[in-house]
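Here the structure comes first, spelled out in structure tokens, and everything after it is commentary.
Coordinate-derived values only; no laboratory data. Note that the coordinates shown come from a computational prediction; the quantities given were computed from them, not determined experimentally. Here the Cβ positions follow ideal geometry from the backbone for every residue, glycine too, while neighbour counts run over all protein chains shown.
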Amino acid sequence: MEEGLVDAPKAVLCDLGGVVIRIDPDRIRRRWAARSPLPASEVHAAYPDAAYEAFERDELSAGEYLAHVRERLQLQGDDDELAADFNDLYLGADAAVVDLLWRLRHRGVRLIALTNSNRLHHQVWSRRFSAELGVFETIHCSHDLRARKPERAAFERVLDAHGLAPSATVFVDDLPANVEAARALGLQGLVFTGATTLADDLARLGLLDTAAH
């Protein structure tokens, strides 16, 4: 490992949606609003809800979750149609972020993903972005952990699985609440707002050369 990394963190724990993968959840809301007799504002306010969070913990099956939203939002359409709507939120990978991650990996930094997800979404993004996600040593999903960010258990299970000390681990997420939860556990949390700012933050922590980004 390079001299500049001697006192630097040893691992980066990174979110996927909103950081590595660009997403637009409003696309789901618009498609479901078109299937519902309810006002669009009511449909938009209903996603995500507690059932969605339960789905991300694998406490509901895909069929149970789709049945819930069909009943709550009075949606017209079968499971396949509603699932297609639900999966229509991915815009593409953020090439600049992926490049930063590869630069970290080439410097010997461990890269591990921690994402709130569910079995329907996982089927889509794991295939569509398999090349970009190959930068990660491991990807941990909330539906496998049976805990979701910002819950303490989600972080602890990943740290324990890899033998990571919180103080030697950087956590990157686009949601401030998740970053605050990570900081409360002793991780070095970074709120993601874009690749340029992330590069600056990583350089400040000694993980990237200041002149290289």
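For the residue pair Asp24 and Asp160, what label-to-label distance in nm results when each label sits 7 Å from Cα along the Cα-to-beta-carbon direction?
It works out to 4.1 nm between the two label points.
Please give the charge dipole size of the stretch 13-136, origin at the Cα centre, charges +1 on K and R Cβ atoms and -1 on D and E Cβ atoms. Round to the nearest 20 debye.
So the dipole magnitude of the stretch 13-136 works out to roughly 620 debye.
Scan around Arg148 for amide H atoms under 5 Å from its own, H built in the peptide plane at 1.01 Å from N, and keep only partners 5 or more places away or cross-chain.
Here Ala154 satisfy the definition.
Mind checking the dipole of the chain: about its Cα centre, +1 per Lys or Arg Cβ, -1 per Asp or Glu Cβ, Debye to the nearest 20?
120
DSSP beta bridges in the chain, what fraction antiparallel, as a percent rounded to 5? Write down the numbers at each step before the final one.
Numbers: 3 of 20 bridges.
Percent antiparallel among DSSP bridges in the chain is about 15.
From the phi of every residue in the stretch 117-127, what ³J(HN,Hα) in whole Hz does the Karplus formula 6.51 cos²θ - 1.76 cosθ + 1.60 yield, where θ is phi - 60° and glycine or proline is x?
8, 8, 5, 5, 5, 4, 4, 8, 5, 5, 8
Excluding Asp94 itself, calculate the net charge of residues whose Cβ lies under 15 Å from the Cβ of Asp94, where each Lys or Arg counts +1 and each Asp or Glu counts -1.
-3
Report the charge-dipole magnitude of the stretch 26-86 in Debye, nearest 20, computed about the Cα centre from +1 at each Lys and Arg Cβ and -1 at each Asp and Glu Cβ.
For this selection, approximately 360 debye.
Return the sequence-ordered ³J(HN,Hα) values of the stretch 159-168 in whole Hz as given by the Karplus equation 6.51 cos²θ - 1.76 cosθ + 1.60 applied to θ = phi - 60°, using x for Gly and Pro.
Per-residue couplings from phi come out as 4, 5, 4, 10, x, 9, 7, x, 5, 9 Hz.
How high is the relative contact order of the stretch 17-93? Use alpha-carbon pairs under 8 Å, at least six apart in sequence, and give a whole percent.
50
For Cys14, enumerate residues with amide H under 5 Å from its amide H, sequence gap 5+ or separate chain, H modeled in the peptide plane.
Ile112, Ala113, Leu114, Val172
Across the stretch 35-51, in residue order, what do the Karplus-derived ³J(HN,Hα) couplings come to in whole Hz, using 6.51 cos²θ - 1.76 cosθ + 1.60 with θ = phi - 60° and x for Gly and Pro?
9, 10, x, 6, x, 4, 4, 6, 5, 4, 6, 8, 10, x, 9, 4, 5
When N counts the residues of the chain, how does its alpha-carbon radius of gyration compare numerically with 2.2 N^0.38 Å, as a ratio? All intermediate terms of the calculation are to be shown ahead of the outcome.
Details: Rg = 18.4 Å, N = 213, 2.2 N^0.38 = 16.9 Å.
Here the answer is 1.09, to two decimals.
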